[in-house]
1. Name the residue that is nearest to the chain's Cα centre (by Cα), counting only residues in the stretch 207-224 that are open to solvent by 90 Å² or more (accessible area, probe 1.4 Å) and modelled with pLDDT of 80 or more.
2. Residue by residue through the stretch 1-29, note down the ones that are over 14 Å from the mean Cα position of the chain (by Cα) and hydrophobic (A, V, I, L, M, F, W, C).
3. Of everything in the stretch 4-41, what is touching a helix residue (DSSP H, G or I) at 6+ places or on another chain (Cβ under 8 Å) and either in a strand (DSSP E or B) or closer than 21 Å to Pro77 by Cβ (or both)? Give them in sequence order.
4. Is it true that Thr37 is modelled with pLDDT of 95 or more and over 14 Å from the mean Cα position of the chain (by Cα)?
5. Show the residue pairs meeting these rules: Cβ distance below 6 Å; 6+ apart or different chains; first residue within the stretch 105-122 and of a type in the set (Phe, Trp, Tyr); second residue modelled with pLDDT of 95 or more and part of a loop (DSSP other than H, G, I, E, B).
6. Restrict the check to the stretch 86-102 and report whether at least one residue is open to solvent by 10 Å² or more (accessible area, probe 1.4 Å), at positive phi and not polar (S, T, N, Q).
7. I need the full set of residues from the stretch 155-176 which are within 30 Å of Arg132 (Cβ to Cβ) and of a type in the set (D, E, K, R), in order please.
8. Report whether or not Arg75 is in contact (Cβ under 8 Å) with a residue 40 or more places away in the chain, of a type outside the set (Ser, Thr, Tyr) and open to solvent by 20 Å² or more (accessible area, probe 1.4 Å).
Amino acid sequence: CGTFLVIYTGTKRIGEGNRANRSMMFAKEAAQLGISTVYTYASTEGELDFRRTNDRLLQIPLSVFGQFSATIAQRAPGRRRLLLGSMPDINLVRFIGLFQQLDWTYVYECRDEWEEFASVGSAGWYDEAYERFAVAQATKVFCVSPALRTKMQRYTSAPSKVLLSPNATTDEFLKVRQDLRSLSREKHAKAHASLPRIGYFGHLTEQWFDGGALLRAASIMPMV
């Protein structure tokens, strides 16, 4: 009868603003594999959008997920059912108990250093006690980096269940990347050879990236 997957995360709605992060891509890949998937996301204020990306992927705003969590947890008895938590807040702590009581398997995915996010005011919902509970209750814990794996192993009496699962991509993405690389090479071939090229991939939030300092440095030391 297949697998029923719930991904509890706090990122954006899939398909919004050309975003693509780990939780989004995992949800899309799971649905493409035929897994019935529910994906939670942080909605805008007042939004009540239950948008089905396709027949296998249903997106539910975090603001109303709690109202339907019991109904969802009771769905598909007899099937393989998996709760994947990647945002260790007070609500995940509550949902873990509910879903486990109804015989779901629960897995924690540590995809960010949430403690550091909280230290700069970017994850006000975080508390170390919640993450420790999320790790302790999980059947498996997957971490995106060796440093996070080491940290999560300290949160459990069964460190062997904490595994490394680095970020990855798909064959389709790599194909697009190859096409874009050819265009990029053509563009850069026309640029002045002495100009430096800087590449960056990540989240340029003002809490930890000083854009003003970068602009001031650029004005003081122009490249041309």
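The values are calculated or read from the model by the stated rules, or taken from the named source; none is laboratory data. Values in this document were obtained by computation on a predicted structure and should not be read as measured data. In this analysis, Cβ positions are derived from the backbone assuming ideal geometry, glycine residues included, and neighbour counts consider all displayed protein chains. Surface areas here come from the heavy atoms of the whole protein model, side chains and all, with no ligands, DNA or RNA. Shrake-Rupley method; radii C 1.70, N 1.55, O 1.52, S 1.80 Å.
1. Filtering the stretch 207-224 for residues open to solvent by 90 Å² or more (accessible area, probe 1.4 Å) gives 208, 210, 214-216, 220-221, 223-224.
After this cut, where a residue has to be modelled with pLDDT of 80 or more as well, the list is 210, 214-216, 220.
Numbers: Asp210: 24, Leu214: 28, Leu215: 30, Arg216: 33, Ile220: 38 Å.
Only one residue fits best here, namely Asp210.
2. Hits for the stretch 1-29 are Cys1, Phe4, Leu5.
3. Scanning the stretch 4-41 gives Leu5, Val6, Ile7, Tyr8, Thr37, Val38, Tyr39, Thr40, Tyr41.
4. So Thr37 passes the test.
5. These pairs meet every condition: Tyr106/Ala138; Tyr108/Ala138; Trp114/Tyr126.
6. no
7. Lys161
8. Values: in contact (Cβ under 8 Å) with a residue 40 or more places away in the chain: yes; of a type outside the set (Ser, Thr, Tyr): yes; open to solvent by 20 Å² or more (accessible area, probe 1.4 Å): yes.
In short, yes.
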